[in-house]
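Below is one structure; the comments refer to it alone.
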Amino acid sequence: MAVFVALGAFVMTLVGGWTAQRVTDRRHLVLGLAGGLMLGVVGLDLLPEALEAAGGPVFGVPAALLLFVAGFLAAHLVERLLAGRHAGHGADEHADGRVPQVGLTAAGAMVGHSAMDGVAIGAAFQVGGGMGVAVALAVVAHDFADGFNTYTLTSLYGNARRKALAMLFADAVAPVAGAASTLLFTIPEQLLGGYLGFFGGALLYLAAAEILPEAHHDHPARSTLLCTVAGVAFIWLVVGIAE
């Protein structure tokens, strides 16, 4: 049942990616919506789950928050190192200064997150059918956002369309593989919570430092801001329904 439900996440991920690539003439709106979806996923979904699962405090600070900050700094460090590596080898960045490898790294993190979504579905069904349905509803709904963000992140940094599509397909397959893996083993709760905190920090960096500034760079329109708010509201709705 868990694997069957995860197929719904597969479809929704592809639909999200298809939506992102079909509205290229409204790129600023796409980026504004992607930033809102990412912010909503981090603040309303990932971080609360991480705080609940990651264990007690470390030197007075919850472990999930420490890993959240570490993820934010790691994303910033990776971006700077990749940019410096290109400059040191005399390689040109894209005209907007973005390094393609950053987009692939970010999309790879999204794939990892989607795999954990599948694990969450499988674990929830092990607890009970009602819990499994609730978690599956949240995962399937926000996998639209995952597909949307995976394609957007990959293409935003100047990667070819075929690479963006490859990462989108990998992101779609990941929850199915994650759900199937729960037939073989179970991930410890604290380890899962720590991962969610770290990933949330990296995702917030990309949303706040890259996606949203780019959305407002050429088109500082009210409609872009409304798309960002709509993205956050959509994730809030998904989380509320799941609860």
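What the table below lists for this structure:
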{"quantity": "Where Rh is the Kirkwood radius over Cα pairs, Rg/Rh for segment 1-82", "calculated": "1.09"}
{"quantity": "Carbon + sulfur, % of accessible area of segment 1-67 - ligands and nucleic acids excluded, 1.4 Å", "calculated": "71 percent"}
{"quantity": "Mean Cβ neighbour count within 10 Å, used as a protection proxy, ranking 159-167, 226-234 highest first", "calculated": "226-234, 159-167"}
{"quantity": "Other-chain or far-sequence residues with amide H under 5 Å of V58's (modelled H)", "calculated": "A63"}
{"quantity": "Overall form of segment 188-243 per C-alpha gyration tensor (a/c, 1.5; a/b vs b/c)", "calculated": "oblate"}
{"quantity": "FRET efficiency, R26 to F185 (Cβ-Cβ, R0 41 Å, nearest 0.05)", "calculated": "0.40"}
{"quantity": "Share of carbon and sulfur in the accessible heavy-atom surface of segment 158-243 [1.4 Å probe, %]", "calculated": "70 percent"}
{"quantity": "Ordering of 54-66, 38-50 by packing [mean C-beta count within 10 Å, highest first]", "calculated": "38-50, 54-66"}
{"quantity": "In order through segment 48-62: 3J(HN,Hα) via Karplus (6.51 cos²θ - 1.76 cosθ + 1.60), integer Hz, x for Gly, Pro", "calculated": "x, 5, 5, 4, 6, 9, 7, x, x, x, 10, 6, x, 10, x"}
{"quantity": "Inter-label distance, nm, simple model (7 Å from Cα along the C-beta direction), A209/A160", "calculated": "2.9 nm"}
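The values are calculated or read from the model by the stated rules, or taken from the named source; none is laboratory data. As the structure is a computational prediction, the values presented were derived from the model and not from experiment. Positions of Cβ are backbone-derived with ideal geometry, glycine not excepted, and every protein chain shown enters the neighbour counts. Side chains are part of the model used for accessible areas, which takes the heavy atoms of the whole protein and leaves out ligands, DNA and RNA. Shrake-Rupley method; radii C 1.70, N 1.55, O 1.52, S 1.80 Å.
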